[in-house]
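Everything below concerns the one structure shown next.
What follows is calculated from the coordinates using simple rules that are stated; it is not laboratory data. Model, not experiment: these values are computed from the prediction. A quick note on method: Cβ atoms are made from the backbone with ideal geometry, for glycine too, and the neighbour counts reach across all protein chains shown.
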């Protein structure tokens, strides 16, 4: 896989962001034979663009905000590129592969979280969930990821898999979360004189 940075991104790029991008790309073998242009954005956390020339995919571009960059954002934008590749060339008949990632922001969040725990470092933007889950995301990240994996499996037999997922997430948010004790319980030993 080849990737190149735009001149503006080269100016803004930090070592941390560069390492995060390189590390994330390893989890996207579908992009192995592609060249990805990585640019900078000020407006959003990130964006992805698939450019067509004469109906054929000619460029794959993601733009990232370097400040407060997360693996979740990088993974989300790379997943958008896979959605574009799954759509294929505009000159060919529309792909009907049931295993391809369907288009849409919520679908992109689901497949990003399901891909690897690495991409669970920040709550997803488009999956509906209670505020408490966003505020305490590290407590819920693993459970939400497991639900995303289950939702992808359900998609083969249940058309409303996103509705199912968001209902399960709401239920998860209502369940009392066991508090982790700040320090281990003290043992009391008999005092001997």
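By its C-alpha gyration tensor, with a ≥ b ≥ c as the square roots of the eigenvalues, how is segment 129-170 shaped: rounded for a/c under 1.5, else prolate for a/b larger than b/c, else oblate?
In terms of gyration-tensor shape, oblate.
Using only Cα atoms, find the angle between the long axis of helix 105-115 and the longest principal axis of the chain, and express it within 0 to 90 degrees, rounded to the nearest 10.
60
Of the listed values (1) 20.5, 91; (2) 17.1, 54; (3) 21.2, 63, identify the label whose number matches Rg and Dmax of the Cα atoms in Å calculated from this model.
(1)
For the chain, find the longest principal axis of its Cα atoms and tell me its angle to the long axis of helix 161-174, 0 to 90°, nearest 10.
Roughly 20 degrees between the two axes.
Could you tell me the calculated FRET efficiency between residue 164 and residue 67, based on Cβ-Cβ distance and R0 = 35 angstrom, to the nearest 0.05?
The calculated FRET efficiency here is 0.50.
Using the Cα gyration tensor of segment 1-107, with a ≥ b ≥ c the square roots of its eigenvalues, what is the shape: rounded (a/c below 1.5), prolate (a/b larger than b/c) or oblate (neither)?
prolate
Once fully extended, how much extra length lies between residue 51 and residue 171, figured as 0.36 nm per residue of separation less the alpha-carbon to alpha-carbon distance?
39.2 nm
For the chain, what is the calculated [θ] at 222 nm in deg cm²/dmol (nearest 500), taking -39500 (n - 2.57) for each run of four or more DSSP H residues and dividing by its residue count?
For the chain, the value works out to -13000 deg cm²/dmol.
So how tilted is helix 137-154 from the main axis of the chain? Cα-based, degrees 0 to 90, rounded to 10.
50
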